[in-house]
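Asker: Have a look at this one before I ask anything.
The values are calculated or read from the model by the stated rules, or taken from the named source; none is laboratory data. Bear in mind that the values here come from a model prediction, so they are computed numbers and not experimental data. Cβ atoms come from the backbone with ideal geometry, glycine included; neighbour counts cover every protein chain shown. The accessibility values were calculated without ligands, DNA or RNA, using every heavy atom of the protein model including side chains. Shrake-Rupley method; radii C 1.70, N 1.55, O 1.52, S 1.80 Å.
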Amino acid sequence: MPSYAAGRASATRETRTWPAAVTTALAIGHLVCATSAFPAASAADADLALREADAAYSAGQWAVAMAAYDRALRSDPSGVVAAFRRGKCASNLGLTAQATASFRRAVALSPDSSLAHGELGDALRRERRVDAAEVHYLRALELA
């Protein structure tokens, strides 16, 4: 006959929650899959996606904001603010490679932005690419 402690231990194992990183990764995957099936059709859709993204960004909902910035960038690939903020969201989620790619895009769209160069330098430093990071830090200082 099982003891009370054994029954309690099995109940505890069943009610454990997933780690935050796993939950965040699942949320991003779900949002990306859900949004990639329906491309934005108009400027109104792009504006709506950007407003949703900005609201989620302000609330600190990084996964939701990142997916909304993805939608906005699909509608308007020249959106510097969307590219930059997508990089910030990816950085806050610990997605270093995606953050680097987004900051590279922001630098390509706005080469005179010291802020974009500085953030790209930070992302490259997190990837342990110190020489490349130093180039962008120096460029950010020149532009500031």
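Asker: Here is a list: THR35, THR12, THR17. Which entry is polar (S, T, N, Q), over 28 Å from ASP131 (Cα atoms), modelled with pLDDT under 95 and open to solvent by 70 Å² or more (accessible area, probe 1.4 Å)? Write out each step before concluding.
Answerer: Values: THR35 fails: open to solvent by 70 Å² or more (accessible area, probe 1.4 Å); THR12 fails: open to solvent by 70 Å² or more (accessible area, probe 1.4 Å).
It is THR17.
Asker: A follow-up question, please. Filter the range 82-132 for residues that are over 19 Å from ALA144 (Cα atoms) and among the acidic types (Asp, Glu); which is surrounded by the fewest Cβ atoms within 10 Å (Cβ to Cβ)?
Answerer: Once the filter is applied, the top-ranked residue is ASP131.
Asker: Then there is this: So which of ASP70, ASP47, ASP54 ends up being among the charged types (D, E, K, R), at pLDDT below 90, part of a helix (DSSP H, G or I) and under 28 Å from ASP112 (Cα atoms)?
Answerer: Values: ASP70 fails: at pLDDT below 90; ASP54 fails: at pLDDT below 90.
Going through ASP70, ASP47, ASP54 in turn, the sole match is ASP47.
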